[in-house]
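The values are calculated or read from the model by the stated rules, or taken from the named source; none is laboratory data. It should be emphasised that the depicted structure is a prediction, and the values quoted were computed from it without experimental measurement. In this analysis, Cβ positions are derived from the backbone assuming ideal geometry, glycine residues included, and neighbour counts consider all displayed protein chains. With ligands, DNA and RNA removed, areas are computed over all heavy atoms of the protein, side chains included. Shrake-Rupley method; radii C 1.70, N 1.55, O 1.52, S 1.80 Å.
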Amino acid sequence: MWNEFKKFAMKGNVLDLAIGVIIGGAFGKIVSSLVNDVMVPILGLLMGGLDLTGLALTVDKASIKYGAFFQSVIDFLIVSFSIFLFVKGLNHFKRKSEEKPAEAPVPSKEELLLTEIRDLLKQQNQRETQ
């Protein structure tokens, strides 16, 4: 069972996925910091010094924190747009590599011999007709 797990875990796709998850988690933290520490304070200043993180609607004992929701929406938009740009760039490079014309296939030994025979027969027929 351990050997099966090692084979599975060492496949390229699983390792790529693990690396993607780790990088994605770190990228998510960077985006959250960008939104929480840079963008939201700037938006708050533009809105007259309003602290967006503390925006909440309190009804009885329930508190609806729509400021935190607003930050999460901004996080999502930044991450999804970044991923869109990344995938678009990858597809652009992939298309360029696919558009390159394929090299002419190298003829096999049999094809070369048949070509020589054909050429010799043509020469022989031309001599006979002259």
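A few comments on the model shown:
- Placing unit charges on each Cβ (+1 for Lys and Arg, -1 for Asp and Glu) gives the chain a dipole about its Cα centre, and among Leu57, Ser108, Phe84 the Cα reaching farthest toward its positive end belongs to Leu57.
- Within straight-line reach of Lys122, meaning a Cα separation under 25 Å, sit the following lysines at least 8 residues removed in sequence or on another chain: Lys109.
- Separation between Cα centres of region 22-49 and region 52-112, rounded to whole Å: 19
- Nitroxide proxy distance, nm - points 7 Å out along Cα→Cβ at Asp60 and Val21: 4.0
- Using C-alpha pairs below 8 Å separated by at least 6 residues, the relative contact order for the chain is 14 percent.
- Among the listed values (i) 1.35; (ii) 2.33; (iii) 1.69, the one computed from these coordinates for Cα Rg over 2.2 N^0.38 Å is (ii).
- Neighbourhood net charge (14 Å Cβ-Cβ; Lys/Arg +1, Asp/Glu -1) for Asp119: +1
- Spatially proximal aspartates and glutamates relative to Lys29 (Cα-Cα < 12 Å; intrachain offsets below 8 disregarded): Asp37, Asp75
- Here the dipole of the chain is about 140 debye; that uses its Cα centre as origin and unit charges on the Cβ of Lys and Arg (positive) and Asp and Glu (negative).
- Order of exposure, largest accessible area first, which applies to Arg127, Arg95 with probe 1.4 Å: Arg127, Arg95
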